[in-house]
Amino acid sequence: MAEKAKFQAIKGVRDILPPESALWNRVEQAAREVFGTFGFAEIRLPILEHVELFARSIGEETDVVSKEMYRFEDYESPDLDAQRKTLSLRHPSVERPFEVRFFAHNVDVLTTMMEDGLKTGQIPKTPENRILVLELRSTFYDFSKTFAPPDYKGVQNRLDSYVKHFQETALAVMLGDQLTLRPEATASVVRAYIEHGMQVLPGNVKLYYMGPMFRRERPQKGRYRQFYQIGAEVLGSSDAPGIDAEVIEMLMRLFERLKLKGAVLSLNSIGDKNCRPAYVEKLRAELQKVREQLGADCQRRIETNPLRVLDSKLEHEQPIIEKLPRIAENLCADCRAHYDEVKRQLGLRGIAYKENWRLVRGLDYYMRTTFEITATGLGSQNAVCGGGRYDGLVELLGGPATTKGIGFAIGTDRLILSLQEAGEGAAPGGPAGKADGPDVYLAWFGAAAQVAAIGLARRLRDAGFVVELPAVEMKFGKSLGLADRLKALHAVIVGDDELAAGIVTVKRLSDGTQQKLSEQELFSYLGVV
Ligand code: ATP
Ligand code: MG
């Protein structure tokens, strides 16, 4: 049995290999083209952001922020970290004075390094950090008095409690910024919008992005820890329902272009800060009455986020949820008018939708319009796109209160899965090609033929043909065998005879037909195949 490969991609993370990668490129290219026609431009965002950006926008209570982010402390002082780790491994004994002395020395050095770090800014100058470092210093003075050489008057349990206090205080100092791999990109777009003062730009700012997102979820079909999104956002002072409808229209155009099967648009309005709080309270009150019949997750959500109960897929909860009060009957007049107009505007664009009163988005910042698109071939992870309006987000992140926003994120992995299930293969190769292999396998024999072949390969590639040029000389049979295995459309053969006659031999590999052509004839022959 073959030995197990030594390195494997980590759980929930995968490689996207050819030929599948060609389909990814095609999807991304289609998005660029379609979004471009709606006046959207690409924004390229960093993959690392401050934890705080997502804690503030998505909400501390959500699964994404509370347990799914890949976060770490980004410090510029590895020495400091090494020092405090060393410190946390020491257990000095009063019986061995040199241990106590050595420990005291460690504490002193570490505290001095931290004091310097605070001055230079190598350590974040937060109030918490300042207090912790002061605490280390003053405890060190106390300690030095008690455990002053040459006599150690202290007893072991006093020493132990000092040691513990030093270790814990040192570990609590934040040596760097709290960073995370991004779990989504809307917050980053809004951060960039504010950071670069884009509110002064004319009209609505229309941006799209594509790239990987990271969430530590349970991996399964259509759910990964590194997954990809293609998303778009409209930011500006208008919240006109026509914007909502146009954003949805743009999505549907993309899915049409890609021939996505069974795309169904679900639509809802979840109210705004005027009407949602009252509805949430009403919902909470009703949920309290049926608490005992709900599962543990939904019981917890009664306190943390009652709206998320509507999202539950648990079989036995369904009849209970169906009887809960509905947001549609609890919208304020403004939200109701906005929602009605979104639906009318979708109608103007000939876009069909299904209203789903239970459609609430997973992230806290959404309001009013929410939507989701599902497709076939995906099992239970059938949502290929989620989106909605988030009018308060820009203000929440420190931008102007007048800026409204709406956007969506397509789960690219799921979109691709659905296209593959429907038999949408990879894009064909060069201009002549319908096969997965190269258009031309250029077999050469002899040093002079190699020179000619290099030149010919260059001219063919300039014309857009996919050319495979063997790097070393091979025997005729072996070379042509490789052409077959590579699924080349044509083998073009250059040997001494061909060179002398100023021609090439072209063999169509599907049926073995062979002919001798000049270079000009070769180009026109390949062009018309
Ligand atoms: P779901 O309910 O499927 O978990 P979500 O509400 O968490 O989705 P959003 O955060 O709104 O999803 O992201 C938008 C889209 O991104 C989803 O509709 C889905 O297609 C995709 N997506 C989200 N999480 C993952 C994941 N872990 N793996 C693959 N795709 C994902
Ligand atoms: Mg999710």
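The values are calculated or read from the model by the stated rules, or taken from the named source; none is laboratory data. Small disclaimer: the values here were computed from a predicted structure and weren't measured. Neighbour counts are summed over all protein chains in view; Cβ atoms, including those assigned to glycine, are modelled from backbone coordinates with ideal geometry. The area values use the complete protein model at the heavy-atom level, side chains included, leaving out ligands, DNA and RNA. Shrake-Rupley method; radii C 1.70, N 1.55, O 1.52, S 1.80 Å.
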Gained length - residue 500 relative to residue 482, 0.36 nm times residue gap less alpha-carbon distance
3.9 nm
Taking the Cα centre of each part, how many Å lie between region 363-424 and region 305-348?
17
For the chain, take the longest principal axis of its alpha carbons; what is the angle in degrees between that and the long axis of helix 78-88, to the nearest 10 within 0 to 90?
50
Measure nothing fancy, just the Cα-based angle from helix 186-195's long axis to the longest principal axis of the chain, in degrees from 0 to 90, nearest 10.
80
Overall form of the chain per C-alpha gyration tensor (a/c, 1.5; a/b vs b/c)
oblate
What is the spin-label model distance, in nm, from residue 6 to residue 161 if the labels are put 7 Å beyond Cα along the C-beta direction?
5.2
Taking the chain and a Cβ-Cβ threshold of 4.7 Å, the cysteines left without a partner are 298, 335, 385
On full extension of the chain, what length is gained from residue 52 through residue 515, given 0.36 nm per residue of separation minus the C-alpha to C-alpha distance?
159.9 nm
Principal-axis tilt of helix 127-146 within the chain, Cα atoms, nearest 10 degrees:
50
Checking the a/c ratio against 1.5 first, then a/b against b/c, what shape does the Cα gyration tensor give for region 218-301?
oblate
How high is the relative contact order of the chain, given as a whole-number percent (alpha carbon pairs under 8 Å, six or more residues apart)?
15
Starting from the Cα gyration tensor of region 262-396, take the square roots of the eigenvalues, sort them a ≥ b ≥ c, and report rounded, prolate or oblate (rounded when a/c is under 1.5, otherwise prolate if a/b is larger than b/c, else oblate).
oblate
Round to the nearest 0.05 the FRET efficiency obtained for residue 332 and residue 380 when R0 = 25 Å and r is the Cβ-Cβ distance.
0.15
For the pair residue 142 and residue 42, the simple spin-label estimate (label points 7 Å beyond Cα toward Cβ) gives in nm 5.9
How far apart, in nanometres, would the label points at residue 217 and residue 33 be if each is projected 7 angstrom from Cα along the Cα-to-Cβ direction?
3.0
Residue by residue, what Karplus-based ³J(HN,Hα) values in Hz, rounded to whole numbers, does region 314-319 have, using 6.51, -1.76 and 1.60 with θ = phi - 60° and x for Gly and Pro?
5, 3, 6, 8, 4, x
Computed ³J(HN,Hα) along region 366-383: with the Karplus parameters 6.51/-1.76/1.60, θ = phi - 60°, integer Hz and x for glycine or proline, the list is 6, 8, 6, 4, 10, 8, 8, 10, 10, 9, 8, x, 10, x, 7, 8, 9, 7
Heavy-atom accessible area of residue 316, protein chains in place, probe 1.4 angstrom, given in Å² to nearest 10, is 100
Based on DSSP H runs of at least 4 residues, each adding -39500 (n - 2.57), what is the mean residue ellipticity at 222 nm of the chain after dividing by all its residues, to the nearest 500 deg cm²/dmol?
-13500 deg cm²/dmol
